[in-house]
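Trainee: Here you go, one structure.
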Amino acid sequence: MVFRSSTSLIGLLSLLFLLLLLPAASSAIRLGLVRRPSPELPLFREAPAFRNGEECGSSPADTINVAMTLDANYLRGTMAAVLSILQHSTCPENLAFHFLSAHDDAPELFSSIRSTFPYLNMKIYRFDSNRVRGKISKSIRQALDQPLNYARIYLADTIPEDVKRVIYFDSDLVVVDDIAKLWGVDMEGKLVAAPEYCHANFTLYFTDNFWSDPVLAKTFEGRKPCYFNTGVMVMDVDTWRKERYTEKVEEWMAVQKQQKRIYHLGSLPPFLLVLAGNIKAVDHRWNQHGLGGDNFEGKCRSLHPGPISLLHWSGKGKPWLRLDSRKPCIVDHLWAPYDLYRSSRHFFEE
Ligand SMILES: *[C@@H]1O[C@H](CO)[C@@H](O)[C@H](O)[C@H]1NC(C)=O
């Protein structure tokens with residue numbers, strides 16, 4: 001009896017060893033893949049050249065600045081987003097794209113974008129993920145913890161200083177209206193313009209830890225804070241730089257990391273802490289969000305009533321993955337017309 005139980009103990013111990021060793025081994029393999037000289041990016045069709053309408057100006061003041069992140073995992077989404085913006089724009093040649101990339105594969109990503117959009121006015125910037133790595137705390141969804149997800153906090157400091165206003169877009173959306181309408185919003189002195197959702201229960205974005213702390217709970221005093229989605233924002237990056245808003249957002253990330261857990265999501269809550277109740281509200285048509293379902297299951301959602309200028313697959317489900325799985329949601333068919341994906345380099349099956 002004694003002998004038997006000790007063998008099972010040994011068995012258990014070796015199983016534990018295996019479990020401890022496995023993640024180390026697999027992360028080493030993954031690291032090896034990332035280091036490969038030519039990452040296997042998917043292939044895309046070339047988009048047509050979109051030309052300005054006659055009414056378009058051509059001075060620097062007519063430029064519309066759009067910032068997005070660039071990442072191998074979301075590249076298909078980024079391509080679709082860019083195409084959708086160009087296609088619905090009255091003055092597509094006035095668009096200037098600013099892409100933030102976190103990795104050493106930036107040249108590969110750049111050539112991918114360049115060959116898909118040969119006429120695009122764009123620049124790519126290296127976002128140094130070390131700036132944020134030590135400040136990230138684990139959220140409820142792993143994808144939210146990627147350093148690049150925090151790049152929007154550092155956007156103002158990353159793009160050139162002569163850019164005073166920028167539209168920040170996530171990569172899982174398509175624009176189905178002229179972006180100039182969003183660009184032209186009167187900010188009324190606010191730092192950020194975005195759709196506001198005052199019916200969402202704001203309490204739920206923060207933990208009991210937060211609300212029960214008498215000092216922290218006073219954060220929103222004198223404001224009427226409402227949820228807004230940070231995947232679609234018009235940002236006054238000029239004022240952001242001058243008033244050092246990056247530091248203000250970082251301070252909250254430090255509270256979360258070093259003091260106590262005050263929220264569950266990734267880069268969104270620190271934005272809310274600094275800006276909620278103090279943004280310029282724009283029409284809800286500019287962010288029909290949540291089409292990816294929630295953060296756990298990515299269930300199908302239907303559209304909210306009302307006009308739509310932008311469709312956003314925030315949440316766990318992404319339209320390109322669901323379309324590939326042959327189990328798409330109905331709304332995913334609204335994304336499909338902007339898909340420039342041709343094939344993966346693994347399978348030459350066009
Ligand atoms: C919001 O959620 C909190 C926490 O669950 C709850 O106590 C509160 O009643 C809710 N407020 C509204 C307006 O539903």
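Trainee: Can you name the residue in the range 202-214 that is farther than 18 Å from THR230 by Cβ and within 11 Å of the ligand (Cβ to nearest atom) and is also surrounded by the most Cβ atoms within 10 Å (Cβ to Cβ) among such residues? Steps first, answer last, please.
Mentor: So the first thing to find is which residues in the range 202-214 are farther than 18 Å from THR230 by Cβ, and the list is 203, 207-214.
In the following step, the residues that additionally are within 11 Å of the ligand (Cβ to nearest atom) were identified as 203, 207-208, 211.
Numbers: THR203: 11, THR207: 18, ASP208: 10, TRP211: 12.
Of everything passing the filter in the range 202-214, THR207 is surrounded by the most Cβ atoms within 10 Å (Cβ to Cβ).
Trainee: Continuing with this model, one more query. Looking only at the range 215-239, count every residue that is exposed (fewer than 12 other Cβ atoms within 10 Å of the Cβ) and within 21 Å of the chain's Cα centre (by Cα) and tell me the total.
Mentor: 0
Trainee: While we're on this one: If a residue has to be in a loop (DSSP other than H, G, I, E, B), more than 20 Å from the chain's Cα centre (by Cα) and closer than 27 Å to PHE117 by Cα to count, how many in the range 329-344 make the cut?
Mentor: 1
Trainee: Give me the residue from the range 252-279 that is of a type in the set (S, T, N, Q) and under 11 Å from ILE136 (Cα atoms) and, out of that set, modelled with the lowest pLDDT.
Mentor: Ranking the qualifying residues of the range 252-279, first place goes to GLN258.
Trainee: Taking the range 64-88, which residues are out of contact with any His (no Cβ under 9 Å at 6 or more places or on another chain) and over 16 Å from ASN149 (Cα atoms)?
Mentor: ILE64, ARG76, MET79, ALA80, ALA81, VAL82, LEU83, SER84, ILE85, LEU86, GLN87, HIS88
Trainee: Name the strands (runs of 3 or more DSSP E) wholly within the range 148-200 that hold at least 3 residues that are in contact with a strand residue (DSSP E or B) (Cβ under 8 Å, 6 or more places away or on another chain) and within 18 Å of GLY277 (Cα to Cα)?
Mentor: Of the strands (runs of 3 or more DSSP E) lying wholly inside the range 148-200, those with at least 3 residues that are in contact with a strand residue (DSSP E or B) (Cβ under 8 Å, 6 or more places away or on another chain) and within 18 Å of GLY277 (Cα to Cα) span 192-194.
Trainee: Which numbered condition trips up GLU297, out of (1) out of contact with any Lys or Arg (no Cβ under 9 Å at 6 or more places or on another chain); (2) surrounded by fewer than 22 Cβ atoms within 10 Å (Cβ to Cβ)?
Mentor: Here GLU297 clears every test but (1).
Trainee: It is to be established whether one or more residues within the range 142-164 are free of Cβ contacts under 8 Å to residues at least 12 places away in the same chain and of a type in the set (Val, Ile, Thr).
Mentor: no
The values are calculated or read from the model by the stated rules, or taken from the named source; none is laboratory data. The model shown is predicted, which means the values in this text are computed figures rather than measured ones. Methodologically, a virtual Cβ is constructed for each residue, glycine included, from the backbone with ideal geometry; neighbour enumeration extends over all protein chains shown.
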